[in-house]
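Read the figures in this text as sums done on the coordinates, not as results from a lab. Just so it is clear, the structure is predicted and the values come from calculations on it, not from any experiment. Positions of Cβ are generated from backbone atoms using ideal geometry, with glycine treated the same way; all protein chains shown enter the neighbour counts.
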Amino acid sequence: MEAATAAMVWFRKGLRVHDNPALDAARRGAGRLYPVFVLDPRYLRPDPAAASPGSARAGVARVRFLLESLADLDARLRRLGSRLLLLRARDDDVADAVCAALKDWNIGKLCFESDTEPYALARDKKVTDFTMAMGIEVVTPVGHTLFDPADIINKNGGRPPLTYQSFIAIAGEPPEAILEEYSELPPVGDTGEYELLPVPTVEELGYGDISQEEISPFRGGETEALRRMKASLQDKEWVAKFEKPKGDPSAFLKPATTVLSPYLKDVYRSVRNYTKPPVSLTGQLLWRDFFYTVSFGIPNFDQMKGNKICKQIPWSENEELFVAWRDGRTGFPWIDAIMIQLRKWGWMHHLARHSVACFLTRGDLFIHWEKGRDVFERLLIDSDWAINNGNWLWLSCSSFFYQYHRIYSPITFGKKYDPNGNYIRHFIPVLKDMPREYIYEPWTAPLSIQKKSKCIIGKDYPKPVVDHDTASKECRKRMGEAYASNRLDSNSFKGKPSNLSRRKWSHGDHDASNSSIAKLLKTS
DNA sequence: TGGCTCGTTGTGAGA
DNA sequence: GTCTCACAACGAGCC
């Protein structure tokens, strides 16, 4: 059976060679191996109308990170006597390109890493429908997460655990990593008429004019990921003492976390136990799995409406405030510096993410978490659907976390770590000469100081878009009201008198949507 | 069913 | 610098 010896490994998220169950399954028994990645123009095509340099779906830092990861994957495959076969999506449809290649190359076995995102599930179903019809064997091992989300949900009686602790209790020990090393892969088979693309650079994709921009110091790829992990783990004391909440969010020259998250698509299973979850390094990996599991088990996880674990909150619509936040023009230097770091580097510290997410939603602007989620998703080099949505639900107090009176201060939170404001001075050069006592609140500087610092507030740098004390108090009040409404609605769901909840819902235009949520809850 | 515990990472005041 | 407390009080999981 000639066909049965031709196998394809289809790379999507796990752009790595080591500890890759899909690659391992594909190489075993294969006479010829086709390692494939499909370029999706929707992620790569420059969009001049986008809010910042990049495509419609990915900022340029994220595009660059992907391309570097692909180049490294190709290089590592070549060292094993193989290579990466880079295909272009047909009419923007990745699944079609895979199906066509399977047929044209007479592939007998297809292996790819299981992916639980809704987009991926739909894409992969299209491919597996095809392989079923064609009689092609398919293997889809779990490789992106430590656990299989479906397994955890089954163990928990069909529902995902909704707290981290209950997740840990159910999950147990993660499976062992694949430790087997191999020095060669089966040769690549004949690819016929196919146009195999070299890995393009961002410049070749048409992003040439941004070469003057400050770029992310984080290079993509498994080689860099392994180097970074090795360097981090070599410092045993650092690992043993690692406590996530104690990291310094303003440390940008030498970040306080591992910065492994962007590479987790390439590497992670070799990290074994050191200290205790939830703040330890392994604890961080389990958080990933926690959000993956919930996101797989809860319909409409990535939106407020129709999401039964999400508080229904009447967020404000205010495009002007949203754009100021997105573009780093809120007038709060700490917030703006973080958003500028995000746009340029595609990465910022975990607690910096907390600060800006809280500010946008329940802390100051009362704008919908889905708006912020979209910005992060497009710009982050460690962009990840399940984790990004999970954290926005968390930070906006829509799910998982409900202490809405705990609000990060856009002034004092950063000051605690970086009283001189070095982080601000780096990312917002116009403030670089502002004296230390005004760097977090430049609008309070006397005009003479502003002139001396060559930064007039309201002209060279914006005035604050809100007064934090007033805005945060108002936000607390509105959160309290929204929670009360949600409580009343869930009481009526439990069969208690519903006339109260009717009355409570009657403010504004949220009556209809909240009623439909109530219906949805009733049917589930 | 209802009561209890506990939860990765808030702030500001005061000792 | 480090600690404790009030602030005002949530909900999932568990017994």
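Contact order, relative form, for region A:1-144: 32 percent (alpha carbon pairs under 8 Å, 6 or more residues apart, mean separation divided by residue count).
Only beta bridges with both residues in chain A are counted; by DSSP, about 15 percent of them are antiparallel.
At a 10 Å Cβ-Cβ cut-off, how would you order A:Lys415, A:Lys246, A:Lys305, fewest neighbours first? Before the final figure, lay out each step's value.
Details: A:Lys415 18, A:Lys246 10, A:Lys305 13.
Going from least to most buried by this count: A:Lys246, A:Lys305, A:Lys415.
Listed here are the pairs A:Lys415/A:Lys459; A:Lys230/A:Lys344; A:Lys236/A:Lys371; A:Lys109/A:Lys308; which of them are more than 30 Å apart at the Cα?
Numbers: A:Lys415/A:Lys459 24 Å; A:Lys230/A:Lys344 26 Å; A:Lys236/A:Lys371 40 Å; A:Lys109/A:Lys308 39 Å.
Table pairs above 30 Å Cα-Cα are A:Lys236/A:Lys371; A:Lys109/A:Lys308.
Here the extension length gained between A:Leu121 and A:Asn318 equals 67.5 nm, from 0.36 nm per residue of separation less the Cα-Cα distance.
Phi angles of region A:415-431 translate, via the Karplus equation with coefficients 6.51, -1.76, 1.60 and θ = phi - 60°, into HN-Hα couplings of 4, 3, 8, 9, x, 7, x, 4, 4, 4, 4, 5, 8, 10, x, 5, 9 Hz per residue; Gly and Pro are given as x. Residues whose amide H comes within less than 5 Å of that of A:Val139, counting only those at least five positions distant or on another chain, are A:Leu110, A:Cys111, A:Phe112 (H built at 1.01 Å from N in the peptide plane). Applying 1/(1 + (r/R0)^6) with R0 = 30 Å to the Cβ-Cβ distance of A:Lys254 and A:Thr201 gives a FRET efficiency near 0.60. Each principal axis of chain A carries a Cα extent, and these read 78, 64, 48 Å when sorted largest first.
Could you sort out which of A:Lys254/A:Lys451; A:Lys311/A:Lys473; A:Lys254/A:Lys432 sit more than 22 Å apart by Cα distance in this structure? The partial results should precede the final answer.
Numbers: A:Lys254/A:Lys451 33 Å; A:Lys311/A:Lys473 20 Å; A:Lys254/A:Lys432 20 Å.
From the list (A:Lys254/A:Lys451; A:Lys311/A:Lys473; A:Lys254/A:Lys432), the Cα-Cα distance tops 22 Å for A:Lys254/A:Lys451.
Charged neighbours of A:Leu162, selected by a Cβ distance under 15 Å, balance to +3 (K, R count +1; D, E count -1). Taking amide H atoms as placed 1.01 Å from N in the peptide plane, the amide H of A:Gly54 lies under 5 Å from those of A:Asp47, A:Val60, each 5 or more residues away in sequence or on another chain.
Which of the GluC sites (Glu not before Pro) across region A:289-396 are loop residues per DSSP, with 13 or fewer other Cβ within 10 Å?
On the way: sites: A:Glu317, A:Glu319, A:Glu320, A:Glu370, A:Glu377; in loops: A:Glu317.
Here the sparse-neighbourhood loop sites are A:Glu317.
3J(HN,Hα) couplings calculated from phi for region A:123-134 with the Karplus curve 6.51 cos²θ - 1.76 cosθ + 1.60 (θ = phi - 60°) are, in sequence order, 4, 6, 5, 4, 6, 6, 4, 5, 5, 4, 5, 8 Hz; Gly and Pro show x.
Start at zero, step by 5 Å, and the Cα-Cα distances of region A:1-144 spread as 2, 10, 18, 22, 21, 14, 7, 4, 1, 0, 0 percent across the bins. Along region A:109-116 the Karplus relation, 6.51 cos²θ - 1.76 cosθ + 1.60 evaluated at θ = phi - 60°, assigns HN-Hα couplings of 9, 10, 10, 8, 5, 4, 9, 9 Hz to successive residues, with x for each Gly and Pro. Looking at A:Val188, A:Thr257, A:Ser399, which one has the Cα that reaches farthest to the positive end of the dipole of chain A (charges on Cβ: Lys, Arg +1; Asp, Glu -1)? Going by the Cα projections, it comes out as A:Ser399.
Can you compute the charge dipole magnitude of chain A about its Cα centre, using +1 on each Lys and Arg Cβ and -1 on each Asp and Glu Cβ, nothing else charged? Give it in debye, rounded to the nearest 20. Before the final figure, lay out the partial values.
Values: 73 positive and 66 negative charges, 426 e Å.
Approximately 2040 debye in magnitude.
Taking the Kirkwood radius as Rh and the Cα radius of gyration as Rg, region A:149-240 has a ratio of Rg/Rh equal to 1.12.
Based on every Cα atom in region A:298-524, Rg and the maximum pairwise Cα distance Dmax equal 19.5, 66 Å.
In this structure, the amide hydrogen of A:Tyr408, modeled 1.01 Å from its nitrogen in the peptide plane, lies closer than 5 angstrom to no residue at least 5 positions away or on a different chain. Neighbours of A:Ser399 by Cβ distance under 11 Å: Lys/Arg scored +1, Asp/Glu scored -1, total +2. Qualifying chymotrypsin sites (Phe, Trp or Tyr not before Pro) in region A:123-201, where qualification requires a DSSP coil assignment and no more than 12 other C-beta atoms within 10 Å, comprise A:Tyr182. Here, region A:347-422 has an Rg and a Dmax of 12.5, 36 Å when only alpha carbons are counted. Annotation: for a label point projected 7 angstrom from Cα along Cα→Cβ of A:Asp190, residues of region A:16-34 with backbone N closer than 15 Å are A:32-33.
Can you work out the FRET efficiency for the pair A:Asp469 and A:Leu447, with r the C-beta to C-beta distance and R0 = 35 Å, to the nearest 0.05?
On the way: r = 23 Å, r/R0 = 0.66.
With R0 = 35 Å, the Cβ-Cβ based efficiency is 0.95.
Rounded to the nearest 5, the antiparallel percentage of DSSP beta bridges internal to region A:1-144 is 15%.
Rounded to the nearest 0.05, what FRET efficiency do A:Lys459 and A:Arg436 have when you use their Cβ-Cβ distance and R0 = 22 Å?
On the way: r = 22 Å, r/R0 = 0.99.
The calculated FRET efficiency here is 0.50.
The simple spin-label model puts a point 7 Å past each Cα toward its Cβ; for A:Asp104 and A:Glu176 those points are separated by 4.1 nm.
Fraction of C-alpha pairs exceeding 22 angstrom in region A:65-192: 53 percent, rounded to a whole number. Ranked by how many other Cβ atoms sit within 10 Å of their own Cβ, fewest first, the residues A:Lys473, A:Lys109, A:Lys254 fall in the order A:Lys254, A:Lys473, A:Lys109.
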